[in-house]
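Working notes for the structure below.
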Amino acid sequence: MSTQFKYWEPYVSPFDPCPPIRIKSYSTPPNLYMTFQPTGLAQFQTPREALHHGTLWPELFSPYPNPHKWGEQDG
Amino acid sequence: MWYYEKKLQYPVKVSECNPMLAKFLIEQYGGADGELSAALRYLNQRYSIPDKVVGLLTDIGTEEFAHLEMIATMVYKLTKDATPEQMKAAGLGAHYSNHDKALYYENAAGTPWTAAYITAKGDPIADLYEDIAAEEKARATYQWIINLSDDPDLNDGLKFLREREIIHSLRFREAVEILIEERDRKKIF
C-alpha cells in the first residue's frame with residue numbers, strides 16, 4: 001500500500017527572519033495510485049465502519065491530519 | 001531574474017488582412033486559459049511547491065511569456081492597419097472606442113483579465129492537477145481558433161503553440177509522478 005504522506009526539506013537561508021520549518025509534508029491519498037478501481041476490493045466489516053470512514057473500501061481511505069509523526073512509516 | 005532575447009520563440013507570419021481573427025486570438029492573450037494566466041499561475045505556484053519541481057514551473061512559466069509575445073505579435077499585425085470601420089466590422093468597435101489599436105488583457109468577449117482565473121491552493125498535487133487541466137484547456141482553445149481561421153501562415157504558428165500545450169501537460173503529469181513516488185521506502189527484492 002502507498003504511503004499517505006510525503007515529506008520534503010525546503011531550502012533554509014541563513015537570513016530567514018523566522019525559525020525554519022525544516023520538514024514539510026503533503027498528502028498523497030490512495031486515489032493517486034489507482035487508475036481504475038479493481039473489482040472485488042475488500043470492504044469494511046460493518047456498514048457503520050464504512051459510513052464512519054466515508055468509503056466502503058479501507059484501501060481508499062485517506063487519514064487527515066497526518067496520524068503519524070515525521071520519520072515513522074505510514075500507510 | 002530573466003534575460004531577454006529579442007526574437008520570438010517561433011516565427012509569426014500573418015498573410016491575410018482579417019482583423020476579426022484578432023478578436024478570437026485575444027482569448028489566448030487575456031482569457032482564462034490564455035498565456036498570461038498560464039505564465040502567472042506557474043511562476044506564482046513555484047514558491048510553495050517541493051523543490052524537485054520548482055525548476056519545471058520556472059521553465060514552463062517563462063516559456064508561456066514567449067507564447068504571450070507570439071499572440072501579441074499576431075494580434076498587432078492583424079489590427080495595426082485596420083481602419084475604424086474595419087475594426088467595427090470585425091466586432092472590435094467596443095475595443096477601438098476604449099483602446100484604439102492598443103492590445104489589452106481581455107478575453108474574446110472583452111472581459112478584462114482577472115486574477116480569479118488562476119489559483120494557488122498550496123497543495124502540490126492540487127496545484128499540478130490544475131496546471132494539467134489548464135494546458136488541456138489551452139490546447140482546446142487553440143483548436144477552436146484554428147477552426148475559425150483560414151490563414152495558413154497564422155495557423156502554422158497556432159499549431160506550434162498547440163503542440164507546446166501537449167508537451168507541457170505531459171511534463172506536469174511527470175511532475176505529479178515524481179511527487180507521489182515512494183522515495184522514503186526501502187525497496188526489498
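A few remarks follow.
- Index of the failed condition, B:Asp131 passing every other in (1) among the acidic types (Asp, Glu); (2) in a loop (DSSP other than H, G, I, E, B); (3) surrounded by 13 or more Cβ atoms within 10 Å (Cβ to Cβ): (2)
- Taking the listed residues A:Pro38, A:Pro19, A:Pro67, the one that is more than 14 Å from every other protein chain (Cβ to nearest Cβ), assigned to a loop (DSSP other than H, G, I, E, B), surrounded by 10 or more Cβ atoms within 10 Å (Cβ to Cβ) and not charged (D, E, K, R) is A:Pro67, with no other qualifying.
- Any chance A:Leu56 is more than 14 Å from chain B (Cβ to nearest Cβ) and in a loop (DSSP other than H, G, I, E, B): yes
- Residue list for segment B:35-51, restricted to those being touching a Phe, Trp or Tyr at 6+ places or on another chain (Cβ under 8 Å) and either assigned to a loop (DSSP other than H, G, I, E, B) or of a type in the set (A, V, I, L, M, F, W, C) (or both): B:Leu36, B:Ala39, B:Pro50
- Consider segment B:26-59 and keep the residues that are among the aliphatic types (A, V, I, L, M) and buried (at least 23 other Cβ atoms within 10 Å of the Cβ). The one that is nearest to the chain's Cα centre (by Cα) is B:Ala38.
- Selection within segment B:25-34: residues that are outside any helix (DSSP H, G or I) and among the hydrophobic types (A, V, I, L, M, F, W, C). The member of this set that is nearest to the other protein chains (Cβ to nearest Cβ) is B:Ala32.
- Single residue of segment B:60-109 satisfying the filter (aromatic (Phe, Trp, Tyr) and over 14 Å from the mean Cα position of the chain (by Cα)) that is farthest from B:Leu25 (Cα to Cα): B:Tyr96
- Taking first residues from segment A:39-51 that are under 19 Å from A:Ser62 (Cβ atoms) and partners that are acidic (Asp, Glu), the Cβ contacts under 8 Å between residues at least 6 apart in sequence or on separate chains come to A:Leu41/A:Glu59; A:Ala42/A:Glu59.
Bear in mind these aren't lab numbers, they're just calculated from the coordinates by the rules spelled out. The model shown is predicted, which means the values in this text are computed figures rather than measured ones. All Cβ positions, even for glycine, are placed from backbone atoms using ideal geometry, and neighbour counts span all protein chains on display.
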